[in-house]
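Participant: Would you mind keeping the following structure in view while I ask a few things?
The values are calculated or read from the model by the stated rules, or taken from the named source; none is laboratory data. Bear in mind that the values here come from a model prediction, so they are computed numbers and not experimental data. A quick note on method: Cβ atoms are made from the backbone with ideal geometry, for glycine too, and the neighbour counts reach across all protein chains shown. The accessibility values were calculated without ligands, DNA or RNA, using every heavy atom of the protein model including side chains. Shrake-Rupley method; radii C 1.70, N 1.55, O 1.52, S 1.80 Å.
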Amino acid sequence: MKKHVVPVSEIGRARRVAAPERAVPATGVLLDRLSRPLTDLRISVTDRCNFRCSYCMPKEVFDKDYQYLPHSALLSFEEITRLARIFATHGVHKIRLTGGEPLLRKNLEVLVEQLAAIRTPQGAPLDLTLTTNGSLLARKAEALKAAGLNRVTVSLDGLDDTVFRSMNDVDFPVAQVLAGIDAAHAAGLGPIKVNMVVKRGTNEQEILPMVRRFRGTGVVLRFIEYMDVGATNGWRMDEVLPSAEVVARIAEEFPLAPLEASAPGETAQRWAYRDGGGEIGVISSVTQAFCHDCSRARLSTEGKLYLCLFASSGHDLRPLLRGDADDAQITSAIGHIWQGRSDRYSELRALRGPDTDAAAPRRVEMSYIGG
Ligand code: SF4
């Protein structure tokens, strides 16, 4: 495949945010143009990863010559914590740490400790969670738990090493990821979720082996439809296996019953095993869009705020953070940004079909803002 270099500036296009004239004080509830509250913040703490999942960070693009962000460009733990505290005053009560691979960021437990000290306007601690490829989890689980992390989600796209490699393009044993899941369990970082991206023709044969492996263990297995995120994964609709088909395949062997969403804005549709063996979930951004109650914002590792996973530009908060803006001004800036939000890419994709217009602004890379 032709080499396709993507400069960082292209990956994370964003407009520079200035201190707004009109104040938007925090009230604990911040609604966008579609009346969706901001409750869930995903924070990318690094643009690096030790895997090369073809649907997120294809090796042909993110190769050995790829220029990552210099450390000075990354938000410090103190800057991230300051922003998180401000987001909490607007109603954010759940923070998910992502990457790249977040456990590659040194001393991440220091950040977790700082975030664990934050309280919502109601005085409650935040729900702190993290998405990881599990490669370093066995080593880090206990320290993360001790620092205040509540839960983890582990990405695992198969149990067979060859299939696993065909999805993440590195030579990493599944056994080590499973050891990470066991360590997280032992450390009390549950309920643990395991996310499997399903790509038709590549790893669909792993659906039932994964079900048999995690059924009855307390781990919640979720199947994610392969998505047209970013502009580098060569996405094709015929490689999407619709969630309805995934559920049907599982139900043939393990009868299922639908479950209610456990919280507003939940991305997964939940199904229980009729025999009490636990539950699974499906995340169907392509065939069953869920933008109507999407309450998620994403912060890149260098402080750019994105309002949708499929956004093509963001809002650069770093100049405010590193300038002389006070918390009230940053609070207002975030207020303005969210109040102006009307993103609903997946719904529009369902109405209009995938965006194949070459002239369309390129979408931000998922490895840059976290899934
Ligand atoms: S496509 Fe965008 S708006 Fe829709 S659910 Fe995903 S992140 Fe939210």
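Participant: Decide, for segment 70-195, between rounded, prolate and oblate: order the square roots of the alpha carbon gyration tensor eigenvalues as a ≥ b ≥ c, take rounded if a/c falls under 1.5, and otherwise choose prolate if a/b is larger than b/c, else oblate.
Facilitator: Prolate shape, in that a/c is at least 1.5 and a/b is the bigger ratio.
Participant: To continue, here is another question. What is the Cα coordinate range of segment 274-371 on the first, second and third principal axes, sorted by size from largest, in whole angstrom?
Facilitator: Projected onto the principal axes, the Cα atoms of segment 274-371 cover 57, 43, 25 Å.
Participant: Let me ask something else. If you line up the long axis of helix 243-253 against the longest principal axis of the chain, both from Cα atoms, how many degrees apart are they, to the nearest 10?
Facilitator: Rounded to the nearest ten degrees, it is 40.
Participant: Specify whether the C-alpha gyration tensor of segment 196-271 places it in the rounded, prolate or oblate class, a ≥ b ≥ c being the square roots of the eigenvalues: rounded for a/c under 1.5, otherwise prolate if a/b is larger than b/c and oblate if not.
Facilitator: oblate
Participant: Figure the gain on full extension for K59 and E239 (residue separation times 0.36 nm, minus the Cα-Cα span) and round it to one decimal in nm.
Facilitator: 62.9 nm
Participant: Express the carbon and sulfur contribution to the solvent-accessible surface of the chain as a percent, rounded to the nearest whole number, probe 1.4 angstrom.
Facilitator: Looking at the chain in its full context, I get 53 percent from C and S.
Participant: Could you give me D for segment 9-64, from Stokes-Einstein at 25 °C and 0.890 mPa s, where the hydrodynamic radius is the Kirkwood radius over C-alpha pairs? Units µm² s⁻¹, please.
Facilitator: Approximately 156 µm²/s, per Stokes-Einstein.
Participant: Given the C-alpha centroids of segment 6-83 and segment 125-144, what is the distance between them in whole angstrom?
Facilitator: 20 Å
Participant: Something else about it: Given R₀ = 25 Å, FRET efficiency for A116-N50 by Cβ-Cβ distance, to 0.05?
Facilitator: Efficiency, rounded to the nearest 0.05: 0.45.
Participant: Given a 1.4 Å probe, how much area per residue of the chain is accessible, in Å²?
Facilitator: Computed with neighbouring chains in place, this is 42 Å² per residue.
Participant: While we're on this one: With each label point set 7 Å from Cα along the Cα-Cβ vector, what nm distance links A360 and S313?
Facilitator: Taking the simple label geometry, A360 and S313 are separated by 1.7 nm.
Participant: Of K145/K304; K59/K94; K59/K140; K64/K199; K94/K140, which ones are farther than 24 Å apart at the Cα?
Facilitator: K145/K304; K59/K94; K59/K140; K64/K199
Participant: While we're here: Starting from the Cα of R82, move 7 Å in the Cα-to-Cβ direction to define the label point; list residues of segment 296-331 whose amide nitrogen is under 15 Å from there.
Facilitator: Under cut-off, by backbone N: 302-304, 317-331.
Participant: Could you tell me the calculated FRET efficiency between A261 and A143, based on Cβ-Cβ distance and R0 = 35 angstrom, to the nearest 0.05?
Facilitator: The calculated FRET efficiency here is 0.60.
Participant: Pairing the Cα long axis of helix 77-89 with the longest principal axis of the chain, what angle in degrees results, from 0 to 90 and rounded to the nearest 10?
Facilitator: With rounding to tens, the tilt is 90 degrees.
Participant: Please give the charge dipole size of the chain, origin at the Cα centre, charges +1 on K and R Cβ atoms and -1 on D and E Cβ atoms. Round to the nearest 20 debye.
Facilitator: 500 debye
Participant: Tell me what the chain gives for mean residue ellipticity at 222 nm when only DSSP H runs of n ≥ 4 count, each as -39,500 (n - 2.57), the sum divided by the residue total, rounded to 500 deg cm²/dmol.
Facilitator: Computed mean residue ellipticity for the chain: -8000 deg cm²/dmol.
Participant: Running a GNM on the chain with Cα contacts under 10 Å, which residue among G91, G134, G277 ends up with the highest mean-square fluctuation?
Facilitator: G277
Participant: Right, here's the next one. If you take the charge dipole of segment 258-346 about its Cα centre, with +1 on Lys and Arg Cβ and -1 on Asp and Glu Cβ, which of S332, H292, S346 is farthest toward its positive end?
Facilitator: Of S332, H292, S346, it is S346.
Participant: Give me the angle, in degrees from 0 to 90, between the Cα long axis of helix 174-187 and the longest principal axis of the Cα atoms of the chain, rounded to the nearest 10.
Facilitator: Relative to the chain, helix 174-187 is tipped by roughly 60 degrees.
Participant: Further question on the same structure: Quick check: pseudo-label points 7 Å beyond the Cα along Cα→Cβ at D161 and R15, how many nm apart are they?
Facilitator: According to this spin-label approximation, the distance is 5.2 nm.
Participant: Ok, one more. Under a point spin-label approximation (7 Å from Cα along Cα-to-Cβ), what is the D275-Q67 distance to one decimal in nm?
Facilitator: 5.7 nm
Participant: Find the eigenvalues of the gyration tensor of the Cα atoms of the chain, then list the square roots of 5 times those eigenvalues as equivalent ellipsoid semi-axes, largest first, in whole angstrom.
Facilitator: They are 31, 23, 22 Å, listed from largest to smallest.
Participant: For segment 165-230 and segment 242-311, what is the separation of their C-alpha centers, rounded to whole Å?
Facilitator: Their Cα centres are 15 Å away from one another.
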